[in-house]
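Colleague: I have a structure I would like to understand better, so I am pasting it below and will then ask my questions one at a time.
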Amino acid sequence: MKVRNSIIWRMLAWFLLLALIPLGTVVIFVQRQVNQTILNVELAAAVREARLHAAESAYHPEAFEQHTQIYDGTEELAFILGTDGMYLAHTNPQKIGTSAEEDFTPEILGKFSASASGSLDNSSAGQIIGFAAIPGQNSVMVLVKNNQALQNTLNSLSRSIFIQLSVILLITSIVSGVAILAVINPLRQLASFADQVGSGNLEAKIDQTDLEGEIAVLANSLTNMTARLRDLITNLESKVEERTRDLAIASDVSRQITRVLDLDILLPELVERTRQGFNLYYVALYLFDPQSEELTLQAGTGQAGTRMKAEAKSFHIQARPSLVASVARKRKAEIINDTGASTIYSFNPYLPDTHAEAAFPMLVSDELVGVLDLQSETVGHFQRSEAQIFSTLAEQIAIAVRNAQLYREQEHVARELERTDLMKSQFLASMSHELRTPLNAIINFTQLIAMGVAGPVTEDQLTMLNTSLNSSKHLLQLINDVLDISKIQAGKLSLYIEEHVDLIVEIQTVVDMAEPLLQKQNTLLEQPIRFIQDVDDDLPLTACDRRRIRQVLLNLLSNAIKFTEQGSITLSAKNKGEETIFAVMDTGPGIPQEMQTQIFEPFIQSTDGIKHAGGTGLGLHISRSLVQAHGGDLWVESTIGEGTTIFFTLPSHPPIRQ
């Protein structure tokens, strides 16, 4: 009996040993496969979530706090990391602007920039990390999850598997070798199932027809776990798909906003695009008039929108019941998911099938622009998760409306300014003509009296007549300048072009005309100003309006004489082949750098010009316009305390602009 018992116990021991080896291997294998599968799913979920937040940050960089507030109160972190390793945004505000090297090893930081997206199992720190580059920005969105809860789940599952397999092992040790063989096949089936799940095939199934006892329970547990993982991934992918769709619609609307500035075209396109994109019953835009405090329908979809727009539908901001008016008063979005149970919903006979309504204020810097109204035929259609998308959409539309309104105002102001400028130019031209006729008569009669035609004049009378004559000529020059500037601004400046103009002769004529001005200036100085001519002998014969070129040269020489109190004035003309470069150089006080651009504007004078109280500030503007009309250019180079040089070019055969 003892021998038989010994043999039995020995057989049982062998049976136990034979069962323990394969079953222990299966336990370890299944546990590793399940653990790895769950870990892979968590890593995939982390990288998908990071990609989602990266996409949101690309379209709405300012919305980081809004789309990461779901992590408040949890051990999970979200942050945006720059290429320099600094935190640009963080769910912990104290981390912003600090270095990530304090929290992560260089190897992990290096992986963030090595690829567009990915995930890391940082088991040593108890973390699961997902990251994704933000499109169009030199930064990466990183999501850090605490895997302690996952580890607890895996441990619990491991204990469950161990207990269940231990029971199977106990039963197997008692039964015969046939029972052991009967157990091995189901375990192989479970191992095959674990392999399939581990490779990512979450649709794999276990044939439980011949399974009994603890193995059937284990198979059922693994099947249920796989189903839960499959549902989790499916729901996550569905949410990502919906959010991607919402972002695509918002992006499309943003492109429309930047492309169109006409509200009559833009707003109908926006409401129709919103209605189609979000599968809505009706979408409308109401604009707010601060003076009348009225909300007026600006655009609505479908026949209902067309009818109400034709009827100029509007209501006061204090209207009740009205969801749109309520949102306008509170400056806060509101959602009614069951209009039948709402006290602020107002029934509209044009929209009898509305069962859910949401309204969002259109704000620009806390200023109400209007209200975006959305309606659906389905009770419970509007989810809180979509509210941020619609709020952002309302803000974008508000900015577009304000830009379009400002554009209209600017167009109106521009037309008024253009009309006023034209009237001014016409008035100046008319008055210049009217003033020149009597002024020429005054000059002519004054000259005749000074010549003694009307009788002898005394020295004192002659002095007064010459003073009057000089003042009249100065006034005539001012009138001519005003007439020229009027023609230039009206685009009616005409040139009388002559071929083969001898520039050397024209230069000498201008020098002779400027000589009296220089002599008069020298009488007021202790040391006379030296006048230097540096003119090439081979200046080409040029096609130009000789009177206008004289006018430019005389104006530049007059300015140089007026502002130079010591030193010299140089008139230079150099042959450069296809063009001649003129320069008038003086040793006057110079022009400040900040004034060197302004002096070419009409009626602008330098500080020294104002001090000399001469001219109107039109000379340089007229001179540059005349030179540019010949196809050349005029510019200034000046140094304070050293002097000023005015250059201009004159093409030999210019493309004349009439």
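The values are calculated or read from the model by the stated rules, or taken from the named source; none is laboratory data. All figures in this text were calculated on a predicted structure; none of them were measured in a lab. Cβ coordinates were reconstructed from backbone atoms using ideal geometry, including for glycine residues, and neighbour counts include every protein chain displayed. Calculation scope for accessible area: heavy atoms of the full protein, side chains included, ligands and nucleic acids excluded. Shrake-Rupley method; radii C 1.70, N 1.55, O 1.52, S 1.80 Å.
Colleague: Among (1) in a helix (DSSP H, G or I); (2) of a type outside the set (Lys, Arg); (3) open to solvent by less than 20 Å² (accessible area, probe 1.4 Å); (4) modelled with pLDDT of 80 or more, there is one condition Gly110 misses while meeting the rest; what is its number?
Modeller: Status for Gly110: all satisfied but (3).
Colleague: Which numbered condition trips up Thr458, out of (1) surrounded by fewer than 10 Cβ atoms within 10 Å (Cβ to Cβ); (2) among the polar types (S, T, N, Q); (3) modelled with pLDDT under 80?
Modeller: Against the list (1) surrounded by fewer than 10 Cβ atoms within 10 Å (Cβ to Cβ); (2) among the polar types (S, T, N, Q); (3) modelled with pLDDT under 80, Thr458 comes up short only on (3).
Colleague: Those residues that are among the small types (Gly, Ala, Ser) and modelled with pLDDT under 85, I need them from the range 487-523; list them, please.
Modeller: Ala490, Gly491, Ser494
Colleague: Where residues in the range 297-338 are β-branched (Val, Ile, Thr) and part of a loop (DSSP other than H, G, I, E, B), which of them is modelled with the highest pLDDT?
Modeller: Per the criteria, the residue is Thr301.
Colleague: Mind checking which pairs have a first residue in the range 494-522 that is among the hydroxyl-bearing types (Ser, Thr, Tyr) and a second that is exposed (fewer than 14 other Cβ atoms within 10 Å of the Cβ), Cβ under 9 Å, 6 or more apart or different chains?
Modeller: Taking only residues 6 or more apart or on different chains, the pairs are Ser494/Gln658; Tyr496/Arg547.
Colleague: Please go through the range 591-615 and pick out each residue that is surrounded by 14 or more Cβ atoms within 10 Å (Cβ to Cβ) and modelled with pLDDT under 80.
Modeller: Listed by number, the residues that qualify are Pro602, Ile604, Gln605, Ser606, Asp608, Gly609, Gly614, Gly615.
Colleague: Identify, please: which residue in the range 389-407 is open to solvent by 10 Å² or more (accessible area, probe 1.4 Å) and free of Cβ contacts under 8 Å to residues at least 60 places away in the same chain and is, among those, farthest from Ala328 (Cα to Cα)?
Modeller: The residue in question is Leu406.
Colleague: On to the next question. With at pLDDT below 70, outside any loop (DSSP other than H, G, I, E, B) and either in contact with a Gly (Cβ under 6 Å, 6 or more places away or on another chain) or crowded, with 16+ Cβ neighbours inside 10 Å (or both) as the only criterion, which of Ala58, Ala149, Ala132, Ala45 stands out?
Modeller: Residue meeting the stated conditions: Ala58.
Colleague: Can we say Phe104 is at pLDDT below 80 and either open to solvent by less than 40 Å² (accessible area, probe 1.4 Å) or of a type in the set (Ser, Thr, Tyr) (or both)?
Modeller: no
Colleague: Within the range 524-545, is there a residue that is at pLDDT below 90 and within 30 Å of Glu578 (Cβ to Cβ)?
Modeller: yes
Colleague: When you go through (1) modelled with pLDDT of 75 or more; (2) surrounded by fewer than 15 Cβ atoms within 10 Å (Cβ to Cβ) one by one for Asn470, which number turns out not to apply?
Modeller: In the conditions (1) modelled with pLDDT of 75 or more; (2) surrounded by fewer than 15 Cβ atoms within 10 Å (Cβ to Cβ), Asn470 misses (1) alone.
Colleague: Just to be sure I understand, how many residues within the range 77-119 are touching a residue at least 24 places away in the same chain (Cβ under 8 Å) and over 14 Å from His53 (Cα atoms)?
Modeller: So the count comes out to 8.
Colleague: Would you pick out the residues in the range 540-551 that are out of contact with any Ser or Thr (no Cβ under 6 Å at 6 or more places or on another chain) and either open to solvent by less than 60 Å² (accessible area, probe 1.4 Å) or part of a helix (DSSP H, G or I) (or both)?
Modeller: Of everything in the range 540-551, those that are out of contact with any Ser or Thr (no Cβ under 6 Å at 6 or more places or on another chain) and either open to solvent by less than 60 Å² (accessible area, probe 1.4 Å) or part of a helix (DSSP H, G or I) (or both) turn out to be Ala543, Cys544, Asp545, Arg546, Arg547, Arg548, Ile549, Arg550, Gln551.
Colleague: Also: Can you name every residue in the range 384-405 that is at pLDDT below 80 and over 18 Å from the mean Cα position of the chain (by Cα)?
Modeller: Arg384, Ser385, Glu386, Ala387, Gln388, Ile389, Gln405, listed by residue number.
Colleague: Across the range 343-383, which residue is modelled with the lowest pLDDT among those that are hydrophobic (A, V, I, L, M, F, W, C) and within 16 Å of Phe315 (Cα to Cα)?
Modeller: The extreme case among them is Val369.
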